[in-house]
Amino acid sequence: ELPLSDDSKVLGLTYSATKDAFILEYSDFKSLMNQNKNTRRTMLQILATLAYDVLGARTPFVLKGRVLLQLSYLGHEKEVKEKGPDGRIITKKQTIPYKWDEPFQEPLLSKWQEYVSLIPQLQGFQLPRYLPLIYPYKIVVMSDASNTCVAAAAWLVWEEPNSKNKIKYKSRLRMCREKERARKT
């Protein structure tokens, strides 16, 4: 028997021995959220806080944040004045990447604020550890890809009879992995 308390750290996650589950908790997250200035620097700080995830439990959420970070590299449109061949001043729209401490503009600003508003919902998320290996189980792997990213997830799925002798399927997420598309052409 291991003397585990309810605040043991395992794999970078909090492990609750009474619930037999990994729990996502962020002790200093409120102070980090108060420092959010809607810039690339604070975006990177927030994403780095979420990103360490050995099992991939936060993968869908972190992936969306990384895609937003890539959008910040693409930048925003800005009007630039140049002299034309005939000497007249021409106004052109040019895409300029955000600087580290430059506040976001629309549409990235609203997307980032929506993303940040959803982060508190991750607090207390539980990932059960228990695997009843007394039942025959299958490993189910699913993957998907788009123009922006690719992801895969693996579950253990088993049939567990309930009190009425009906079969009930149960599953546990074992691992997720993701990769966003490189922006270099």
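The values are calculated or read from the model by the stated rules, or taken from the named source; none is laboratory data. Remember, predicted model here, so these are calculated numbers, not experimental data. Positions of Cβ are backbone-derived with ideal geometry, glycine not excepted, and every protein chain shown enters the neighbour counts. These accessible areas exclude ligands, DNA and RNA; they are computed on the full protein's heavy atoms, side chains included. Shrake-Rupley method; radii C 1.70, N 1.55, O 1.52, S 1.80 Å.
Any chance you could count how many residues in region 105-152 are part of a helix (DSSP H, G or I) and within 16 Å of the chain's Cα centre (by Cα)?
The qualifying residues number 12.
Somewhere in region 19-32, is a residue modelled with pLDDT of 85 or more, among the basic types (Lys, Arg), open to solvent by 20 Å² or more (accessible area, probe 1.4 Å) and closer than 14 Å to Val116 by Cβ?
The answer is no, given that none of the residues of region 19-32 is modelled with pLDDT of 85 or more, among the basic types (Lys, Arg), open to solvent by 20 Å² or more (accessible area, probe 1.4 Å) and closer than 14 Å to Val116 by Cβ.
For region 43-78, give me each residue that is open to solvent by 50 Å² or more (accessible area, probe 1.4 Å) and in contact (Cβ under 8 Å) with a residue 60 or more places away in the chain.
Residues satisfying the conditions are Pro60, Arg66, Tyr73, Leu74.
Could you tell me which of the residues Leu156, Leu122, Leu127 is touching a residue at least 60 places away in the same chain (Cβ under 8 Å), farther than 30 Å from Gly75 by Cα and open to solvent by less than 50 Å² (accessible area, probe 1.4 Å)?
Leu127
Considering only residues that are open to solvent by 80 Å² or more (accessible area, probe 1.4 Å) and among the polar types (S, T, N, Q), which ones fall in region 130-153?
Ser143, Asn147
Which residues, counting only those in region 79-104, are of a type in the set (Phe, Trp, Tyr) and either outside any loop (DSSP other than H, G, I, E, B) or open to solvent by less than 70 Å² (accessible area, probe 1.4 Å) (or both)?
Within region 79-104, Tyr98, Phe104 meet the criteria.
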